[in-house]
1. Modelling each spin label as a point 7 Å along the Cα-to-Cβ direction, I'd like the Asp279/Thr380 distance in nm, to one decimal.
2. Report the FRET efficiency, 1/(1 + (r/R0)^6), for Thr428 and Ala349, where r is their Cβ-Cβ distance and R0 is 41 Å, rounded to 0.05.
3. Excluding residues on the same chain fewer than 8 positions from Lys300, give the aspartates and glutamates whose Cα lies under 14 Å from its Cα.
4. Counting every Cα pair in region 251-396, what percent are over 26 Å apart?
5. Which residues does the label zone of Met252 cover in region 214-232, counting backbone N under 17 Å from a point 7 Å along Cα→Cβ?
6. Between Lys290 and Glu244, how many nm apart are label points set 7 Å from Cα along the C-beta direction?
7. Roughly how far apart, in whole Å, are the Cα centres of region 50-77 and region 219-246?
8. Among the aspartates and glutamates, select those whose C-alpha is under 19 Å from the C-alpha of Lys46, and discard any that sit fewer than 8 residues away in the same chain.
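We did not get these values from a lab; they are worked out from the coordinates using the rules stated. Note that the coordinates shown come from a computational prediction; the quantities given were computed from them, not determined experimentally. A quick note on method: Cβ atoms are made from the backbone with ideal geometry, for glycine too, and the neighbour counts reach across all protein chains shown.
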Amino acid sequence: MKSHKATRNPMTGIRLLLALGAAALLAASCVTNPITGQQQFSMVGKSQLLALAREAVPSQFAADYGTATDAQANTYVTQIGRRLVATLTPADVVFPDMPFSFQVVNAVYVNAYAFPDGTIAITRGMLAELENEAQLAAVLGHEIAHVNCGHTASAMSKSMVYGALLAGAQGYLAHRESKYTDLAGLAGQIGGAVVLASYSRDQERQADQGGMLYMVRAGYDPRGMVDLTRLLVRLGNANPSALEQLFATHPMSAERLQAAETRAGSEFAGRNAGVVNQDAFLSATAGIRKNKEAFKQFAKAETQLANRQFAAARATVQAGLGLAPDDTVGLLLLAQASQQAGDNSVARAAATRALQLNPAAIRAHGVLAQAALIDRDYDTALQHLNTFGHQVPGDLNTLFCRGLAYDGLGRRGEAAVLYNAYLQRAGTQSSEGQFALGRLQQFAQ
Ligand SMILES: [Zn+2]
């Protein structure tokens, strides 16, 4: 993971995709899907997959409030992931020697996801819902299979185009009434963009199949996959909004549960019966599971924030912080809800505290940059924008806000370069785009 941070990729998502498209015309080839055995069209090579991931991973991790600070849980998830990867053979993979890595991210919604380079993450929200190691192995095995079958590559290309086009128009700030009649009122939420791939039902079926195969090879009871599927269906019925993203990216169906049941009772019948390692799981994840009730409050607050119910979001997040006072996600949600409600000093204090407790929670720099823009403290805004931009290269809202900050400082040359760069990528449809275009026209007069 560290290597992603160290390497800055100057290509934007769109330009990268154009390059990939051009390369595909020259280098498109057929590869064998390791699960179905069928020939499938592969658009990209391994080095391009790694480049795609280098663009997308830092952005997604920032949106998920950084990697978790719970070393025990991180080590444990890595250990189970590696145990599964160790069972892979050349016949299992489209691209050999992917640099698989596993992390827990701070987000409280229930999901797990994979990037084309084998970067796999599970949210604290999901880890808190699982019951044993076999279910965790099923989750990680499913994600590993998406990587092995090349699903992440094609799905990611689509969602990156979509994500880049929408990024300029997204964010709470972009849609609010212009209470401050301030430049900052135009800026979208920094670090909130999500680029997760979504899969087809066929791909889900294959990932379940591969995941179950790997977990059985690693010594787990295949029922872990059945129980996981049942658990997710139950959670989705009880609390649809908490699993919205999981089901949007990994379509769930009664058929998936049925298929897992059938396979556990036929192909894998009697294998590793009863090996679910519940005690090891409960012990290694205790630090995360103890905050499960707080996560539910934070997840509810996120939904309220997205629905622009700022007062309700603040009350809900305060209830969650009553249970887990120093939680990174809670503090940053408090910061965002407070900023939206016009309470910039609470926003700044909460974001500063979150950053002190967890330097990986770089979304805090987005809140602090916006707080500074609102206060017309453009130098401070630039410091936070540069820190964020260094770790998440290519973030559109950061680009726009840097333009605003230079504009505020009266440095029109630098502002014009940034506004132009923003317009090239995002176009003029968003309110930010309109603003940037208007300023460039004023500069020219
Ligand atoms: Zn999936």
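1. For the pair Asp279/Thr380, the computed spacing is 5.3 nm.
2. 0.65
3. Partners within reach: Glu244.
4. Counting pairs separated by more than 26 Å, the tail of P(r) holds 45 percent.
5. 224-232
6. Taking the simple label geometry, Lys290 and Glu244 are separated by 3.1 nm.
7. Measuring centre to centre over Cα atoms gives 22 Å.
8. Qualifying aspartates and glutamates at Cα under 19 Å: Glu55, Asp92, Asp97, Asp117, Glu143.
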